[in-house]
Amino acid sequence: RFTDEDLKCIGIECWAGYNRDEQSRAVWMKRNEAGMDLALQIQKDKNFPWPGCSNVAFPLVTIAAMQFHARAYPAIVGGTDIVKCAVHGPDPQGTKTAHADRVSKHMSWQLLFQDKCWEEQEDKAILNLSIVGTNFKKTYFSSSKHYPVSELVLAKDLVLDYWSKSVEDSPRKTHKLPTFRNEAYENVMRGKWRDC
């Protein structure tokens, strides 16, 4: 539907906006990387007060993250009743409550049994949350799988303007999706992507 010139203008605008968003969160990215290095106990060469001095990394952050995970996981994924629907307004016959219970059971089944990756992603999300402080979930209906899918989106992979008040108010939301070379080639050959 677009001319090549229109697509070029849209692409330039998107790329410029993405770069502005990346620059706005550069300091946060450095802190995030340092926090992950601390939690993963990655030791780097130390040059202060002299080159090659002792560098001991005590796993306090790692222990704290594991303790948080050990307490939070059973509170969130405790049994098979994960989704709990609320009833708003009067319900004298209990029909709304019965409907909410059916929806809760079905959605819990979708998460635990239909979406095979949900529990693993939730496990990773809780551990990452304790270290980084935030992460996101992207939930959508997958046309290829024919059921709702919920994916973990790490904060480093969701590029927003750092100074946005909320995700909803951010003018751009860019999810960095790692793609294999063959996937890119396949999408170009199918006409889904343009060969730039």
Q: Pop out the carbon and sulfur fraction of the accessible area of the stretch 89-196 as a percent, whole number, probe 1.4 Å.
A: 55 percent
Q. Per-residue HN-Hα couplings for the stretch 72-89, Karplus 6.51 cos²θ - 1.76 cosθ + 1.60 at θ = phi - 60°, whole Hz, x for Gly and Pro?
A. 6, 4, x, 6, 8, 10, x, x, 9, 9, 8, 8, 10, 8, 9, 9, 10, x
Q: Compute the Cα gyration tensor for the stretch 1-66, then decide on rounded, prolate or oblate, letting a ≥ b ≥ c be the square roots of its eigenvalues: rounded whenever a/c is under 1.5, prolate when a/b is larger than b/c in the other cases, and oblate in all that remain.
A: prolate
Q. Which one of Thr179, Thr62, Thr97 has the biggest mean-square fluctuation once the chain is modelled by GNM with Cα springs under 10 Å?
A. Thr179
Q.
Rounded to whole Å, give me the distance from the Cα center of the stretch 73-107 to that of the stretch 1-72.
A. 38 Å
Q | DSSP-loop trypsin sites (Lys or Arg not before Pro) across the stretch 40-74, with at most 10 other Cβ within 10 angstrom | A | Lys44
Q: For the stretch 102-196, give the magnitude of the charge dipole about the Cα centre (Cβ charges: +1 Lys/Arg, -1 Asp/Glu; no others), in debye to the nearest 20.
A: 240 debye
Q.
For a quick check of your reading of the filter: which chymotrypsin sites (Phe, Trp or Tyr not before Pro) in the stretch 1-53 sit in a DSSP loop and have no more than 13 other Cβ atoms within 10 Å?
A. Phe2
Q.
Step by step: find N for the stretch 71-196, compute 2.2 N^0.38 Å, then divide the Cα radius of gyration by it. What's the final number?
A. 1.36
Q: Take the chain, connect every pair of alpha-carbon atoms lying under 10 Å apart with a spring to form a Gaussian network, then pick out the residue of Lys176, Lys138, Lys165 with the largest mean-square fluctuation.
A: Lys165
Q: Kindly identify the stretch 67-109 as rounded, prolate or oblate by the Cα gyration tensor criterion: order the square roots of the eigenvalues as a ≥ b ≥ c, call it rounded if a/c is under 1.5, otherwise compare a/b with b/c, prolate if a/b is larger, else oblate.
A: prolate
**Q.** Mean projection area, nm², convex hull over Cα of the stretch 1-126
**A.** 16.3 nm²
Q: Please list, or write none, the aspartates and glutamates whose alpha carbon is within less than 19 Å of the alpha carbon of Lys176, excluding same-chain residues fewer than 8 places away.
A: Glu13, Asp21, Glu22, Glu33, Glu151, Asp157, Asp161, Glu168, Glu186, Asp195
Q: Among Val167, Tyr73, Cys196, flag the residue with its Cα farthest along the positive direction of the charge dipole of the chain, charges on Cβ as +1 for Lys/Arg and -1 for Asp/Glu.
A: Tyr73
**Q.** Evaluated over the stretch 141-196, the Cα radius of gyration and Dmax, each in Å
**A.** 14.9, 40
Q | Stretchable slack from Thr139 to Tyr162, in nm (0.36 nm times residue separation minus alpha-carbon distance) | A | 6.0 nm
Q: Pick out which of Ala57, Ala72, Ala125 has the largest mean-square fluctuation in a Gaussian network model of the chain, springs linking Cα atoms closer than 10 Å.
A: Ala57
Q | Fraction of alpha-carbon pairs over 17 Å apart in the stretch 99-166 - percent | A | 53 percent
Q. What pairs from Lys124/Lys165; Lys138/Lys165; Lys105/Lys137; Lys84/Lys138; Lys8/Lys30 go past 24 Å between their alpha carbons?
A. Lys124/Lys165; Lys8/Lys30
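The values are calculated or read from the model by the stated rules, or taken from the named source; none is laboratory data. Just so you know, these numbers come straight off a predicted model, no measurement behind them. Glycine gets a Cβ as well: all are built from the backbone with ideal geometry, and neighbour counts include every protein chain shown. We work out accessible area using only protein heavy atoms, side chains counted, and drop any ligands, DNA or RNA first. Shrake-Rupley method; radii C 1.70, N 1.55, O 1.52, S 1.80 Å.
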